[in-house]
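Take a look at the structure set out below.
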Amino acid sequence: MPEEASLSPVLNENISFKPPGDFSKNAHASDDAIYHLAQTDRLAFWESQAEQLHWFKKWDRVLEWEEPYARWFVGGKINIAYNCLDRHLSSWRRNKAAIIWEGEKGEQRVLTYFDLHREVCKFANVLEQKFGVQEGDRVTIYMPMIPELAIAMLACVRIGAAHSIIFGGFSAESISDRVADCQSSLLITADGGYRAGKVIALKNIVDKALAVDGSPVKDVIVVAHIGAEAGVQHNTGRDHYYHELMADSPARHEARPLDSEALAFLLYTSGTTGKPKGIMHSTGGYLTGVTYTAKYVFDLKEDDVYWCTADIGWITGHSYIVYGPLSNGATTLMYEGAPGYPGKDRFWSIVAKYGVTLLYTAPTAIRTFMSWGDDYPAKHDLTSLRLLGTVGEPINPKAWLWYHEKIGGGNCPIVDTWWQTETGNIMISPLPGVTPTKPGSATHALPGIEAEVVDDQGQPVARGQAGLLIIKSPWPAMLRGIYGDPDRYKQTYWSRFPGVYFTGDGAQLDSEGYIWLLGRVDDVINVSGHRLGTMEVESACVDHAFVSEAAAIGVAHEIKGQTIVVFVSLTAEHTGEASASEEIRQHVAAKIGAFARPEKVIITQELPKTRSGKIMRRLLRDIADGKVIGDTTTLADSSIIGSLKEKYEKLEA
C-alpha cells in the first residue's frame, strides 16, 4: 500500500442526513430503482440514457471495448449543439432563459434558447465561411467568463471542430505549449476580463504566446469585452474582431450529424511529467454522460436557476455550466468575477438576486466563505436554494456542516461529487432524493458506474480500510486517449491494474460501504481545485537561470486545499537566498500562471535523493507536515534531512 493512500480522513461515519421528505417525493430518482436497473443490465441502462438525446441515426452497437479503448453507441450520428439548442426550440423553452450572465461590475445579460441558438448559428457560419474551419480541426479558446465563450464552444461542436479551452489564468508559455501540441490554426480570445477589480489583458498574453517561432495559429478572433482600458494591440491581417465578423453572418445553420465517436474537445490537464496531457472526449458518449448526471445528481427541474461557480476553462465548466445543463433545457448562470468583489457577500447577493435554486461550488470557496464569517451570507435571503453541491477535491466535514447550516439553512441536500477531467462526468455522488449523506463522504458510485477501492494487488479492501480507487468497467463519457500520445495514455491510466481504470486517487470505505476520498496518490498538487503536476512546477523553477534543481510538493492549506512548496538548489554563481526565493516564485507564476505561484521556496544545497538519483518527495512532505521522518536508508546522504527540517521550521516561524 503506498504511504499516501494509507492516510485516513477525519471522518465520523455516525453522522448522516436523510433526504428531506418533500425533496425525495418530487425527485427524478426517489428510490433505489435506478440502481437496480443499472445493476441488472449496465449496457441497457446506458442505452436508455442515450435514448433521451436526439440522434440523427441510432447506433448499431452500444459498446465496443478493446482495452484500453472504448467506442460507445457505434454507428450513431449525433450533434452536441443540436441537443443543447435546436431540440428545445419547438417547445416553450424557445423563450426560456438559457444563460443568465452577470459581470463583475454588475452588468447583466440574459440569452433565451432562441437567442443562444441564433448566436451560435451565426458564429458557426463565421468559423466555416470566413476561416474555413472544418470537421476535425482544432480551435483554441482563451477567454473570460462571458457568454461568447459558451457561444464559441457550441459553434465548434456544431460544425464538428474540436475545441481546446485554456483557463484564463494560464500564462503565455502555457498557451503556446497547448497550441503547438494540438496544432490549432485559429485562436478565439477577448481583449480582457475582470478579476477582483483588475483588468486581465488576455489579448496581450495571447500576443506573447503567439510570438514564438513556428506557432501554428494564423488567425485570432477577439471579443471586445473591456474596450480601450485593456490596452491591446491590433495585428492587421491576423486579428479579427468578433462583433465585426458577426455583423453580417447568417443566422441559419444546420447542425452537422457527427459520428458518436467524433472528437468533441481536448482539455489539457497536468500530470506527473512536465508536458500537459491533451485529454480527448468524444461526442455521443460524453453528451450521454453529462446529460444523465446533470439531470439526476442536481435533480434539474424546469423552473430551476442553476449556478455552477467554476470556470469554463476547467472540465467542471464544460460539463456542468454548458453541456449538461443546456442539454437538459435548464437555465444556467455564469458569473465573470471574483467571489469577494466588491464585497465578501457577492456570491450570496447573486443567489438572492436571481433566485438561484441549485448551487455547485468548490470546498476551497466554502472554506474561504467560512473564514470571512457568517454575517455575509446572513445578509441575504438564500431560501430559494433547494440543493447544494461541491466539486474539485474532498470536502472536510467541518466545511460540509457549515455549508449545510449557513447556506442551506439545514434544508438542502448536499451532493459531494467526485470525478476528473478524464472521466468527463460525475462518477461518485449521492442521488439527492435517495442517498443519506455523511459530511465529508462522496457516498457511492452513481448508477452505471462500477467503482471499487482495492489494495496494491488490485483486490477489494474490507470495509474500514483504505486503498486505491479504480473504475472496473467502461462508461460512455470516459476519455478516449491523450492527444498524439497513445503510449502515455496506456501507461498513465491502464498499466497499474490490468483491465481497469486507475484513477490515481486514494479512498477509504467506512463500515457501511460509503466512499471517503483521500486525494491524489501520485505527485499532483491540487491548488484551489487546479491540478498541477509536480514536474510542471519543477520545470518552471529550473527554467530560471540560477536554479539547478527543484522539488515541488503540496502542503495542506485550510482555504486552498493545498499550496505549493518548492525546495531548490541554486547554481554556484548565485548565493542570495532571500532574493532568489521571491524571484523563483514570480518566475513560476509567469511560466504557468499566478495560481501556481509557490507559497514557499526553500533554498538548499542539496535535495534528498536515493543512490540512483531519484528525489524523495515523500521525505519533503514529512518535513512540511511536521511528521516523524520516514525511512531514510535509501538516501545517498541522510545528513541533509536535518538541515532541511531546520530551514523549513525557521521559515514557518
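Does Lys275 count as within 30 Å of Val527 (Cβ to Cβ), among the charged types (D, E, K, R) and in a loop (DSSP other than H, G, I, E, B)?
Yes: the conditions hold for Lys275.
Return the pairs, sorted by first residue and then second, in which the second residue is modelled with pLDDT under 95 and part of a loop (DSSP other than H, G, I, E, B), the first residue lies in the range 414-434 and is crowded, with 24+ Cβ neighbours inside 10 Å and among the charged types (D, E, K, R), the beta carbons are less than 6 Å apart, and the residues are 6+ apart or on different chains.
Going by the 6 Å Cβ cut-off, the qualifying pairs are Asp416/Ile395.
What number of residues in the range 175-220 are assigned to a strand (DSSP E or B), modelled with pLDDT under 95 and either under 19 Å from Met280 (Cα atoms) or aromatic (Phe, Trp, Tyr) (or both)?
Qualifying residue count for the region: 1.
Looking at the range 76-105 only, could you name the residues that are more than 15 Å from Gly324 (Cβ to Cβ), among the aliphatic types (A, V, I, L, M) and surrounded by 17 or more Cβ atoms within 10 Å (Cβ to Cβ)?
Ile78, Ala97, Ile100 - these are the residues of the range 76-105 that are more than 15 Å from Gly324 (Cβ to Cβ), among the aliphatic types (A, V, I, L, M) and surrounded by 17 or more Cβ atoms within 10 Å (Cβ to Cβ).
Out of the residues in the range 566-608 that are in a loop (DSSP other than H, G, I, E, B) and among the hydroxyl-bearing types (Ser, Thr, Tyr), state the one that is modelled with the lowest pLDDT.
Filtering first and then ranking leaves Thr575.
Looking only at the range 128-153, count every residue that is assigned to a helix (DSSP H, G or I), touching a strand residue (DSSP E or B) at 6+ places or on another chain (Cβ under 9 Å), closer than 22 Å to Ser260 by Cα and of a type outside the set (Gly, Ala, Ser) and tell me the total.
2
Those residues that are assigned to a helix (DSSP H, G or I) and either in contact (Cβ under 8 Å) with a residue 40 or more places away in the chain or farther than 26 Å from Ala262 by Cα (or both), I need them from the range 75-98; list them, please.
Going residue by residue through the range 75-98, those that are assigned to a helix (DSSP H, G or I) are 80-84, 86-88, 92-95.
Within the range 75-98, Ile80, Ala81, Tyr82, Asn83, Cys84, Asp86, His88, Trp92, Arg93, Arg94, Asn95 meet the criteria.
Taking the residues in the range 223-259 that are among the β-branched types (Val, Ile, Thr), under 22 Å from Pro147 (Cα atoms) and modelled with pLDDT under 95 as candidates, determine which candidate is surrounded by the fewest Cβ atoms within 10 Å (Cβ to Cβ).
Our first condition is that a residue be among the β-branched types (Val, Ile, Thr); within the range 223-259, this holds for 223, 226, 232, 236.
Now drop any that are not under 22 Å from Pro147 (Cα atoms), which leaves 223, 226, 232.
If we keep only those that are modelled with pLDDT under 95 as well, we get 226, 232.
Details: Ile226: 20, Val232: 22.
The extreme case among them is Ile226.
Find the strands (runs of 3 or more DSSP E) located wholly in the range 455-526 whose residues include 1 or more that are out of contact with any Pro (no Cβ under 9 Å at 6 or more places or on another chain) and polar (S, T, N, Q), and list them.
501-509
Output the number of the condition that Glu452 fails; it satisfies all remaining conditions of (1) acidic (Asp, Glu); (2) farther than 22 Å from Ile321 by Cβ; (3) assigned to a loop (DSSP other than H, G, I, E, B).
Exception for Glu452: condition (3).
For the range 435-475, which positions are over 22 Å from the mean Cα position of the chain (by Cα), surrounded by fewer than 22 Cβ atoms within 10 Å (Cβ to Cβ) and of a type in the set (D, E, K, R)?
Glu452, Asp455, Asp456, Arg463, Lys472
Out of Leu53, Leu63, which single residue is within 22 Å of Phe265 (Cβ to Cβ), at pLDDT 95 or above and in a loop (DSSP other than H, G, I, E, B)?
Every option except Leu53 fails the conditions.
Tally time: how many residues in the range 154-174 are in a loop (DSSP other than H, G, I, E, B) and of a type in the set (A, V, I, L, M, F, W, C)?
Going residue by residue through the range 154-174, those that are in a loop (DSSP other than H, G, I, E, B) are 160-161, 166-169, 171.
So of that shortlist, the ones also of a type in the set (A, V, I, L, M, F, W, C) come out as 161, 166-167.
Looking only at that region, the number is 3.
Which ones in the range 167-179 are surrounded by fewer than 23 Cβ atoms within 10 Å (Cβ to Cβ), hydrophobic (A, V, I, L, M, F, W, C) and either under 22 Å from Ala124 (Cβ atoms) or over 18 Å from the mean Cα position of the chain (by Cα) (or both)?
Ala172, the sole residue that qualifies.
Taking the range 104-114, which residues are out of contact with any strand residue (DSSP E or B) (no Cβ under 7 Å at 6 or more places or on another chain) and over 18 Å from Asp345 (Cβ atoms)? Spell out the reasoning first.
Kept after step one, since they are out of contact with any strand residue (DSSP E or B) (no Cβ under 7 Å at 6 or more places or on another chain), are these residues of the range 104-114: 106-107, 114.
Selection gives Glu107, Phe114.
Taking Trp101, is it in a strand (DSSP E or B) and out of contact with any strand residue (DSSP E or B) (no Cβ under 7 Å at 6 or more places or on another chain)? Walk me through how you get there before you give the answer.
Working: in a strand (DSSP E or B): yes; out of contact with any strand residue (DSSP E or B) (no Cβ under 7 Å at 6 or more places or on another chain): no.
Criteria not met by Trp101.
Can you work out which of the residues in the range 496-525 that are under 23 Å from the mean Cα position of the chain (by Cα) and among the acidic types (Asp, Glu) is surrounded by the most Cβ atoms within 10 Å (Cβ to Cβ)?
The qualifying residue surrounded by the most Cβ atoms within 10 Å (Cβ to Cβ) is Asp523.
Against the conditions (1) within 21 Å of the chain's Cα centre (by Cα); (2) more than 27 Å from Gln49 (Cβ to Cβ), where does Trp348 fall short? Just the number, please.
(1)
More than 24 Å from Gln49 (Cβ to Cβ) and without any contact (Cβ under 8 Å) to a residue 60 or more places away in the chain: which single residue out of Glu102, Glu107, Glu135 fits that description?
Exactly one residue qualifies, and that residue is Glu107.
Does Glu13 satisfy the condition of being acidic (Asp, Glu), in a helix (DSSP H, G or I) and either farther than 21 Å from Glu450 by Cα or at pLDDT 95 or above (or both)?
Spelling it out, it is not the case that Glu13 is acidic (Asp, Glu), in a helix (DSSP H, G or I) and either farther than 21 Å from Glu450 by Cα or at pLDDT 95 or above (or both).
For the range 195-217, give me the residue count where each residue is farther than 15 Å from Arg178 by Cα and free of Cβ contacts under 8 Å to residues at least 60 places away in the same chain.
Qualifying residue count, the range 195-217: 6.
In the range 278-308, what count of residues is obtained for those that are in a loop (DSSP other than H, G, I, E, B) and farther than 16 Å from Glu47 by Cα?
Qualifying residue count for the region: 7.
Looking only at residues that are touching a strand residue (DSSP E or B) at 6+ places or on another chain (Cβ under 6 Å) and either part of a loop (DSSP other than H, G, I, E, B) or buried (at least 17 other Cβ atoms within 10 Å of the Cβ) (or both) in the range 16-49, which one is modelled with the lowest pLDDT?
Among those that are touching a strand residue (DSSP E or B) at 6+ places or on another chain (Cβ under 6 Å) and either part of a loop (DSSP other than H, G, I, E, B) or buried (at least 17 other Cβ atoms within 10 Å of the Cβ) (or both), it is Phe17.
Conditions (1) buried (at least 19 other Cβ atoms within 10 Å of the Cβ); (2) touching a helix residue (DSSP H, G or I) at 6+ places or on another chain (Cβ under 9 Å); (3) not aliphatic (A, V, I, L, M), marked per residue:
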site	(1), (2), (3)
Asp303	no, no, yes
Gly324	yes, yes, yes
Ala330	yes, yes, no
Met334	yes, yes, no
Ala338	no, yes, no
Thr361	yes, yes, yes
Thr364	yes, no, yes
Gly373	no, no, yes
His380	no, yes, yes
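Mind telling me which of the residues Phe131, Phe73, Phe114, Phe56 ends up being crowded, with 20+ Cβ neighbours inside 10 Å and among the aromatic types (Phe, Trp, Tyr)? Before the answer, list the steps.
Working: Phe131 fails: crowded, with 20+ Cβ neighbours inside 10 Å; Phe114 fails: crowded, with 20+ Cβ neighbours inside 10 Å; Phe56 fails: crowded, with 20+ Cβ neighbours inside 10 Å.
Going through Phe131, Phe73, Phe114, Phe56 in turn, just one is crowded, with 20+ Cβ neighbours inside 10 Å and among the aromatic types (Phe, Trp, Tyr): Phe73.
The values are calculated or read from the model by the stated rules, or taken from the named source; none is laboratory data. Nothing here was measured: the structure is a model prediction, and the numbers come from that model. Methodologically, a virtual Cβ is constructed for each residue, glycine included, from the backbone with ideal geometry; neighbour enumeration extends over all protein chains shown.
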